[in-house]
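**Student:** Mind having a look at this structure? Questions to follow.
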Amino acid sequence: MPKAWFIALGVALVLASIGAYCIYHVVMTGIGAWGNNNSVGWAWDITNFVWWIGIGHAGTLISAILYLMRQQWRTSINRAAEAMTIFAVMCAGIFPIIHTGRPWLAWWMIPHPNDMQMWPQFRSPLMWDVFAISTYATTSILFWYMGLVPDLATFRDRSKTKLKQAIYGVLALGWRGSARQWHRYERAYLILAALSTPLVLSVHSVVSFDFATSLNPGWHTTIFPPYFVAGAIFSGFAMVMTLMIPARYLFGLKHIIKAEHIEAMCKVTLATGMMVGFAYSVEFFIAWYSGSEYEQFTFINRSTGPFWWSWLSMVTCNVIVPQFFWFKKCRTNPWIIIVLCLLINVGMWFERFVIIATSLSRQFLPSSWSYYWPTKYDVGVFIGTMGLFLTLFLLFIRFLPAVAISEVKNTLPEAHAGKDH
Amino acid sequence: METNENNDHDEATSAHAGETSPATGSTSGHDGARASSNSDEGELYGVLAEFDSPGALVKAARKVKDAGYGDFDCYSPFPVHGIDEAMGIKRTILPVLVFCGGITGTFLGFLLQWYCNASAWQWNVAGKPVWSIPANVPIGFETTILLSVFTTFFGMWILNKLPQVWHPFFRLDRFTKVTDDGFMLGIEAKDGRFDAVETKKLLESAGAIAVEECYLDASPANTKMPMFIYGVIICTTALALVPFALVYKARASHSKDPHYHIFGDMDFQAKVKSDQYNDLFADGRSNRGEISGTIPRGWLNDDTSYAQGLENGAWITSFPTSVEVSRDLLRRGKQRYEIYCSPCHGVDGRGAGMVAVRSQKIGQGILPRNLVDPGAGVITQPNGQLFNTISNGNNTMMGYGAQIPVADRWAIVAYVRALERSQFAAGTDLTDAERSAAMGATP
């Protein structure tokens with residue numbers, strides 16, 4: 001196992017370094033180094049931002065919503081899924097910050113007294129984004145850490161070297177597993193789950209407001225918030241599976257992350273995939289039903305215009321591919337699942353690209369119609385965030401409890417022995 | 001790989017004997033049930049009993065509570081169901097605190113937005129009201145969640161009196177099993193009913209598989225904080241103050257040096273700027289003078305009254321002959337005035353433009369002159385002087401000659417005159433016929 005881990009870490013670090021170089025270049029030269037142009041001002045970067053945020057949402061869904069619904073199978077994957085959330089949000093945050101053009105002034109978005117006597121404009125959805133994403137990142141980290149503490153205490157008590165004892169000891173905050181502490185801890189866990197649920201829905205709704213509050217045809221629709229949330233869960237579950245299936249084999253977690261857990265996730269993916277497909281058809285229907293020629297043009301252009309290939313990839317990967325999950329064989333064979341999940345992630349990336357690029361390249365003014373093509377720096381930064389994500393995930397899985405130990409114990413039959421006294 | 005080991009319940013129990021007790025780092029060789037009375041053993045802290053299952057722990061907890069003990073606690077690797085009730089743990093007030101935190105978050109979120117956008121810096125977005133609740137709901141929602149989350153997270157640790165990396169029970173090797181598969185019950189000696197013999201008996205009769213005494217550490221080496229930790233704290237505090245000191249110094253002193261360019265900010269570009277040194281030319285200047293004997297197109301200023309508002313060295317009071325004052329000229333002047341002058345002087349010329357209002361509010365800058373009030377003195381200025389102010393500026397107002405072509409400047413002059421007339425017209429400005437028409441019935 002460690003050998004595979006080191007190879008994977010090496011690859012991840014190489015990708016991350018490519019990204020670091022590209023970010024350096026883009027920051028120092030300006031975002032003209034990207035393929036963005038006057039018409040398509042939100043291009044790969046915002047596509048990637050929405051894509052990463054969406055991936056992160058599955059982690060919260062698993063850790064919070066499934067917890068509230070008492071789905072016990074979630075304990076096998078919730079820790080890893082929460083970590084995935086945090087790392088995905090980190091990757092997502094990189095893009096809008098660079099997109100500001102002068103990222104070293106990004107802190108101007110935080111309201112603070114300054115000698116220009118200027119304050120942020122809170123009626124802009126971009127400011128809503130700042131608050132939603134930072135609240136989301138903070139909550140995810142605190143929730144994750146809180147879940148980690150009892151397990152860190154286990155690590156503390158089982159480590160053999162003094163250094164490890166000291167590090168895990170400090171991180172575990174002196175957790176003693178006392179019943180009085182558990183009592184408050186369980187309450188707090190429940191409350192955090194209850195808070196994260198509306199939060200995660202609000203975050204992707206706010207991200208969709210970035211588009212929906214504009215007047216752009218193809219963006220200005222009320223279906224966006226639920227449609228974005230469904231898409232987020234769809235891509236997020238696909239990502240969880242992409243990560244957990246190899247981890248199951250590499251780290252011998254097969255007895256904890258069981259085949260039926262994977263199957264359950266496949267079903268969630270299928271259900272959310274159907275919602276996404278439904279949303280696509282509703283968009284077309286509304287464009288026709290609205291009688292607005294601009295809306296109609298936008299959607300015809302989306303499927304038959306110069307970006308037809310991205311629209312086709314989107315529909316293939318997001319509507320057709322998940323249908324395979326109807327078959328039990330496809331929900332149980334790890335290779336098939338991995339391939340389908342990767343395709344779904346590609347498809348969800350294209351969804352955001354289609355929304356952004358096709359709408360911006362054909363706005364109201366034909367004189368500013370244009371096409372978009374990425375430069376190598378677009379690609380490099382995106383690859384870099386993948387490297388960053390993988391690096392963090394690999395470190396996490398090696399040095400922190402990747403499965404929620406105390407929660408898994410809690411679901412064992414022995415834990416309920418005290419109930420019938 | 002840790003994850004792997006930790007989930008292997010069977011072999012875990014035996015793995016502990018002789019390990020160090022982690023939080024204290026002490027390696028004293030307690031073995032099992034009896035704590036020896038080493039020289040570093042101080043006062044008795046309490047007794048710790050181990051049980052073989054969560055069910056037994058719950059039963060014992062009930063027994064201990066019924067015996068009247070208060071200062072005791074149960075320890076387990078996961079929350080044992082039914083133990084709260086057996087121990088008589090009251091419901092935590094955490095949810096109430098979280099509710100208060102959430103309400104505070106809502107309030108602060110809206111207050112922040114109101115202060116920023118409706119009070120301190122009123123953004124005018126397409127003439128919409130500066131304070132409209134729907135647009136402020138998303139952020140109000142997020143701050144509600146954020147403060148609730150903070151209250152939950154920090155409130156829980158504070159109520160649990162954590163972080164506290166040290167605890168007497170950590171001195172017992174047995175206690176490390178709690179985070180793995182041990183179920184323990186500890187009674188503190190400070191409890192009124194505590195009796196070294198009786199309490200142990202009680203625990204044994206409750207089904208404990210082992211009962212152990214726990215003593216406080218008496219050796220100063222183990223209870224005092226090591227010196228080097230003080231050193232680290234002092235050093236980090238001192239280092240943390242350095243940036244603030246630098247900022248303070250920078251605020252209080254002036255410097256002629258250009259600022260550090262960590263980021264270029266497009267300050268350095270591959271182009272020649274005016275007044276820069278340039279070795280392309282013999283005189284080393286990047287500014288090139290006019291070629292002698294030539295002038296740029298359209299720059300022939302032989303009509304000084306038109307180009308400068310001057311005639312024989314004096315401001316002209318009328319308009320140059322080439323400017324025909326007409327309705328079209330006034331219309332053009334109005335449009336140009338509203339673009340170039342109204343932001344400061346206001347559309348009515350009285351000096352209440354957006355820039356002026358803002359600068360008055362923050363108490364900075366010089367207020368623009370009232371252009372129309374006879375008391376302010378502009379009205380008596382000759383046209384040529386007004387033209388010159390537009391071209392070259394006056395005192396702190398900069399000139400607009402570079403932006404506004406000469407013809408438009410005259411149009412603005414005409415329009416400023418119209419503004420003055422329209423607001424401060426005298427009766428004598430009308431002809432007799434007009435006056436009698438305006439007076440109505442009077443013949």
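**Student:** Heavy atoms only, probe 1.4 angstrom, no DNA, RNA or ligands counted: give me B:ASP217, B:ASP267 ranked by accessible area, highest first. Kindly include the intermediate steps, with their values, before the conclusion.
**Tutor:** Numbers: B:ASP217 25, B:ASP267 65 Å².
Descending accessible area places them as B:ASP267, B:ASP217.
**Student:** Among residues other than B:TRP123 whose Cβ falls under 12 Å from its Cβ, what is the net charge (Lys/Arg +1, Asp/Glu -1)?
**Tutor:** On the way: positive: A:ARG123, B:LYS128, B:ARG358; negative: none.
Result for the local shell: +3.
**Student:** Can I ask one more? How large is the Kirkwood hydrodynamic radius of the stretch B:308-436, counting all unique pairs of alpha carbons, in Å? Could the numbers behind the result be given before it?
**Tutor:** Details: mean 1/r = 0.0648 Å⁻¹.
Hydrodynamic radius (Kirkwood, Cα only) of the stretch B:308-436 equals 15.4 Å.
**Student:** Per-residue ellipticity at 222 nm for chain A, helices alone: DSSP H runs ≥ 4 residues times -39500 (n - 2.57), over residue total, nearest 500 deg cm²/dmol? Walk me through the intermediate numbers first.
**Tutor:** Values: 14 runs with 279 residues, N = 421.
Calculated from helices alone, the mean residue ellipticity at 222 nm is -23000 deg cm²/dmol.
**Student:** What number, in nm² with one decimal, is the all-direction average of the projected area of the convex hull of the alpha-carbon atoms of the protein assembly as shown? Display every interim value, and only then the final one.
**Tutor:** Numbers: hull surface 219.3 nm².
Result: 54.8 nm².
**Student:** Once the Cα atoms of the stretch A:1-159 are picked out, what are the Rg and Dmax in Å?
**Tutor:** That works out to 19.2, 59 Å for Rg and Dmax.
**Student:** Given the C-alpha centroids of the stretch B:320-390 and the stretch A:6-45, what is the distance between them in whole angstrom?
**Tutor:** Taking the Cα centre of each part, the stretch B:320-390 and the stretch A:6-45 sit 50 Å apart.
**Student:** A further question follows. Relative to the longest principal Cα axis of chain A, at what angle does helix A:376-399 sit, 0 to 90 degrees, rounded to 10?
**Tutor:** With both axes taken from Cα atoms, the answer is about 10 degrees.
**Student:** With the convex hull built on the Cα atoms of the stretch B:45-100, state its orientation-averaged projected area in nm². Show your work: numbers first, answer last.
**Tutor:** Details: hull surface 20.3 nm².
It is 5.1 nm².
**Student:** How big is the convex hull of the Cα atoms of the stretch A:188-296, per residue, in Å³?
**Tutor:** Numbers: hull volume 13.4 nm³, N = 109.
Residue-normalised Cα hull volume stands at 123 Å³.
**Student:** When Cβ neighbours within 10 Å are restricted to other protein chains, what is their mean count per residue of peptide B:67-80? Before the final figure, lay out each step's value.
**Tutor:** Numbers: counts 0, 0, 0, 0, 0, 3, 6, 5, 7, 9, 12, 14, 14, 10.
Counting Cβ atoms of other protein chains within 10 Å of each residue's Cβ and averaging gives 6.
**Student:** Something else now. Could you check the spin-label model distance between A:THR304 and A:PHE285? Points 7 Å from the Cα along Cα→Cβ, value in nm.
**Tutor:** Calculated label separation equals 2.2 nm.
**Student:** If you look at just the Cα atoms of chain B, how large are its Rg and its Dmax in Å?
**Tutor:** Using the Cα atoms of chain B, the pair Rg, Dmax is 43.1, 126 Å.
**Student:** List, largest first, the extents of the alpha carbons of the stretch A:144-198 along their principal axes, each in whole Å.
**Tutor:** Its Cα atoms span 42, 23, 13 Å along the three principal axes.
**Student:** How many Cβ atoms of partner chains, on average, are near each residue of B:177-187 if near means within 10 Å of its Cβ? Kindly include the intermediate steps, with their values, before the conclusion.
**Tutor:** Values: counts 1, 7, 15, 7, 2, 2, 4, 3, 1, 2, 0.
Counting other chains' Cβ atoms within 10 Å and averaging over B:177-187 gives 4.
**Student:** Can you give the three extents of the C-alpha atoms in the stretch A:238-306 along their principal axes, from longest to shortest, in whole Å?
**Tutor:** Principal axes ranked by extent give 57, 24, 11 Å for the Cα atoms.
**Student:** Let me know the charge dipole size of the protein assembly as shown about its Cα centre in debye, to the nearest 20, where only the beta-carbon of Lys, Arg (+1) and Asp, Glu (-1) is charged.
**Tutor:** On the way: 67 positive and 67 negative charges, 133 e Å.
The dipole magnitude comes to about 640 debye.
**Student:** Please give the calculated 222 nm ellipticity per residue for chain B, where each DSSP H segment of at least 4 residues contributes -39500 (n - 2.57) and the sum is spread over every residue; nearest 500 deg cm²/dmol? Present the calculation step by step, with values, prior to reporting the outcome.
**Tutor:** Values: 15 runs with 176 residues, N = 443.
Helix-only estimate at 222 nm: -12500 deg cm²/dmol.
**Student:** Choose one answer from B:GLY186, B:GLY399, B:GLY102: the residue with the largest mean-square fluctuation in a GNM of chain B with alpha-carbon springs under 10 Å.
**Tutor:** B:GLY399
**Student:** While we're on this one: Take the eigenvalues of the Cα gyration tensor for chain A, scale each by 5, and report the square roots as semi-axes in whole Å, largest first. Working shown, then result.
**Tutor:** Numbers: eigenvalues 286, 128, 92 Å².
Calculated on Cα positions only, the semi-axes equal 38, 25, 21 Å.
**Student:** Which far-off residues, 5 or more places away or on another chain, put their amide H under 5 Å from the one on B:TYR45, with H placed in the peptide plane?
**Tutor:** Answer set, sorted by chain and number: B:CYS214, B:TYR215, B:LEU216.
**Student:** Return the subset of A:LYS267/A:LYS328; B:LYS65/B:LYS177; A:LYS162/B:LYS190; B:LYS63/B:LYS90; A:LYS160/B:LYS200; A:LYS3/A:LYS258 for which the Cα-Cα distance in this structure is over 21 Å, preserving the input order.
**Tutor:** On the way: A:LYS267/A:LYS328 10 Å; B:LYS65/B:LYS177 24 Å; A:LYS162/B:LYS190 32 Å; B:LYS63/B:LYS90 17 Å; A:LYS160/B:LYS200 32 Å; A:LYS3/A:LYS258 24 Å.
Too far apart for the 21 Å limit: B:LYS65/B:LYS177; A:LYS162/B:LYS190; A:LYS160/B:LYS200; A:LYS3/A:LYS258.
**Student:** Let me confirm one metric for peptide A:146-155, namely the mean number of other chain beta-carbon atoms within 10 Å of its residues' beta-carbons. If you can, show how the numbers build up before the last one.
**Tutor:** Values: counts 4, 0, 0, 3, 4, 5, 1, 7, 8, 5.
Rounded to a whole number, the mean comes out at 4.
**Student:** Consider all pairwise Cα distances in the stretch A:130-270 and report the whole-number % of them above 17 Å. The partial results should precede the final answer.
**Tutor:** On the way: 7317 of 9870 pairs.
So the portion of pairs separated by more than 17 Å is 74 percent.
**Student:** Another question about this same structure. What are the principal axis extents of the Cα atoms in the stretch A:88-158, in Å, biggest first?
**Tutor:** Projected onto the principal axes, the Cα atoms of the stretch A:88-158 cover 55, 24, 22 Å.
**Student:** To continue, here is another question. The stretch A:68-121: Rg/Rh from Cα coordinates, Kirkwood Rh?
**Tutor:** Numbers: Rg = 18.3 Å, Rh = 14.5 Å.
My calculation of the ratio gives 1.27.
**Student:** Taking Cα centroids, how far is the stretch B:253-305 from the stretch A:118-156 in Å?
**Tutor:** The two parts, judged by their Cα centres, are 50 Å apart.
**Student:** Between the helical axis of A:179-212 and the dominant principal axis of chain A, each derived from Cα atoms, what acute angle in degrees is found, rounded to the nearest 10?
**Tutor:** Tilt relative to chain A: about 10 degrees.
**Student:** For q values of 0.11, 0.14, 0.18, 0.21 Å⁻¹, compute log₁₀ I(q)/I(0) with the Debye formula on a Cα-only model of the stretch A:289-399, without solvent.
**Tutor:** Here log10 of I(q) over I(0) equals -0.54, -0.78, -1.02, -1.14.
**Student:** Using only the Cα atoms of the stretch B:353-423, what do you get for the radius of gyration and for Dmax, in Å?
**Tutor:** 12.9, 36
**Student:** Compute the separation of the alpha-carbon centres of the stretch A:293-343 and the stretch B:81-126 and state it in Å as a whole number.
**Tutor:** One Cα centre to the other: 42 Å.
**Student:** How much net charge surrounds A:GLY93 when only the other residues with a Cβ under 14 Å from the Cβ of A:GLY93 are counted, with Lys and Arg +1 and Asp and Glu -1? Write out the running numbers ahead of the final one.
**Tutor:** Numbers: positive: none; negative: A:ASP45, A:ASP129.
It works out to a net charge of -2.
**Student:** Assuming R0 = 35 Å, can you tell me the calculated FRET efficiency for the pair A:LEU312 and A:LEU126, based on Cβ-Cβ distance, to the nearest 0.05?
**Tutor:** Working: r = 31 Å, r/R0 = 0.88.
Approximately 0.70, to the nearest 0.05.
**Student:** Cα axis of helix B:327-340 to longest principal axis of chain B: angle in degrees, 0 to 90, nearest 10?
**Tutor:** Helix B:327-340 sits roughly 30 degrees off the main axis of chain B.
The values are calculated or read from the model by the stated rules, or taken from the named source; none is laboratory data. Just so it is clear, the model here is predicted, and its values are computed rather than measured. So basically every Cβ, Gly included, is an ideal-geometry build from the backbone, and we count neighbours across all protein chains shown. To get the accessible areas, we keep the full protein, side chains included, count just its heavy atoms, and leave off ligands, DNA and RNA. Shrake-Rupley method; radii C 1.70, N 1.55, O 1.52, S 1.80 Å.
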